[in-house]
Structure formats: structure tokens, C-alpha cells
Amino acid sequence: MDKKLLKAMNEQINKEMFSAYLYLGMAVYLEKKTLLGCSKWMQLQAKEEMEHAMKIFHYLLERGCEVELDAIAKPSVDYSSVKDVFQKTLKHEQFVTASINKLYETAVAANDNAAGIFLQWFVAEQVEEESHASEILGQLDYIKDDSPAMLMLDKALGART
Ligand SMILES: [Fe+2]
Ligand SMILES: [Fe+2]
């Protein structure tokens, strides 16, 4: 595999693992706020991010490439509100989308068709990831400081499987 592409792939493993950590940190905050449904949603989100990291991990091994596991940065567990949590979720997903798009472009520039096809799944997945965070943010705009409405959203998010 092209050197630059391999480096970016390894960096993406780290970004996906950090995403998992970030969302676990958010789950800690939400759990403290007794928003157990939101916390469950975040924990499942973290699990998905670890699966994303593992997808790339296995792909690199399958291609016989060097896997480099860098240190994962410490995530925050301090947030000012539920809205703050989901605003930061959306912002982070937008950051990951930019990173995935760049990774895809690197694969194309390296004429690595197989890696390009592999990364297309991630390109599509990011559309969903951003859309989910946006939807929840939109609903939080309706809720504002309405506690019963917040508990209804918490219940809905807790139904995620
Ligand atoms: Fe991801
Ligand atoms: Fe994500």
C-alpha cells in the first residue's frame, strides 16, 4: 500500500477509537444527569466507533500492511447540557467526515482501487452519522427546558439497539 495512504489509514483507526472514547465520556456525563436512555445511545455509538476502527484494523491486516496503534487521547466528561453533548457530537462527526473524505481521495490519488472501494462504505456511513446527530439536535431545539419532553426523548433514544 502507498505509504501516505497507509499512514492515513492508521490515523483513521486512532480517530475511530478516539470517537468511541469521546462518546463514552459523553455517556458518563449523561448517566450523571440520569438521562439513561441518552447514555445508552452514546454507549452504542461508542461500540459502533470501535467497530469502525476494527474494520480498518482487519482490512490492513488482510492487505498485509503494518498496523500502528497510537495512543488514544483522553476525552472530556464535562459538558454544560445535553444540547452541548449533541452539538459536540455533530461537530465531531463533521470532523470525521472530512477525514474520511480526505482518506478516500488519498486512496484514489494512489490508484488503490481496492482501498477506494473499501472506504466507500465509510463515506456513506458518515452521511448517516451526521444525520442522526442533526436529528437529535433538531428535537432538542423543540424541547428547550421542557423536562417531560426531555424524558420522552431520553426514552426514545434508550430504545436504540
Ligand atoms: Fe466512525
Ligand atoms: Fe461516527
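The values are calculated or read from the model by the stated rules, or taken from the named source; none is laboratory data. Note that the coordinates shown come from a computational prediction; the quantities given were computed from them, not determined experimentally. Neighbour counts run over all protein chains shown; Cβ positions are idealised from the backbone, glycine included.
What to note about this one:
- Of all residues in the range 100-124, those that are more than 17 Å from Glu48 (Cα to Cα) and modelled with pLDDT of 95 or more have Cβ atoms under 6 Å from Cβ atoms of residues that are outside any helix (DSSP H, G or I) and of a type outside the set (Ser, Thr, Tyr), 6 or more apart or on another chain, in Ala110/Asp2.
- Hits in the range 121-141 (condition: touching a helix residue (DSSP H, G or I) at 6+ places or on another chain (Cβ under 7 Å) and not hydrophobic (A, V, I, L, M, F, W, C)): Gln126, Glu129, Glu130, Ser134, Gln139
- Complete set of residues in the range 17-38 that are part of a helix (DSSP H, G or I) and without any contact (Cβ under 8 Å) to a residue 60 or more places away in the chain: Met17, Phe18, Ala20, Tyr21, Leu24, Gly25, Ala27, Val28, Tyr29, Leu30, Glu31, Lys32
- Test: residue in the range 87-100 that is farther than 25 Å from Gln43 by Cβ and part of a helix (DSSP H, G or I): yes
- Test: residue in the range 39-56 that is assigned to a loop (DSSP other than H, G, I, E, B) and either in contact (Cβ under 8 Å) with a residue 24 or more places away in the chain or surrounded by fewer than 21 Cβ atoms within 10 Å (Cβ to Cβ) (or both): no
- Residues that are part of a helix (DSSP H, G or I) and of a type in the set (S, T, N, Q), drawn from the range 110-161: Asn113, Gln120, Gln126, Ser131, Ser134, Gln139, Ser147
- Among the residues listed as Ser81, Ser147, Ser131, the single one being under 20 Å from the mean Cα position of the chain (by Cα), over 30 Å from Met1 (Cβ atoms) and more than 16 Å from ligand 1 (Cβ to nearest atom): Ser81
- From the options Gln120, Gln139, residue that is within 16 Å of ligand 1 (Cβ to nearest atom), polar (S, T, N, Q), surrounded by fewer than 18 Cβ atoms within 10 Å (Cβ to Cβ) and over 15 Å from the mean Cα position of the chain (by Cα): Gln120
- Among residues that are assigned to a helix (DSSP H, G or I), closer than 16 Å to Asp2 by Cβ and not hydrophobic (A, V, I, L, M, F, W, C), Tyr59 is included.
- Unique match (being touching a residue at least 24 places away in the same chain (Cβ under 8 Å), in contact with a Cys (Cβ under 9 Å, 6 or more places away or on another chain) and of a type in the set (Val, Ile, Thr)) among Val82, Val96, Val67: Val82
- Against the criterion of being surrounded by 20 or more Cβ atoms within 10 Å (Cβ to Cβ), away from ligand 2 (no atom under 16 Å from the Cβ), of a type in the set (A, V, I, L, M, F, W, C) and closer than 29 Å to Ile117 by Cα, Leu30 does not qualify.
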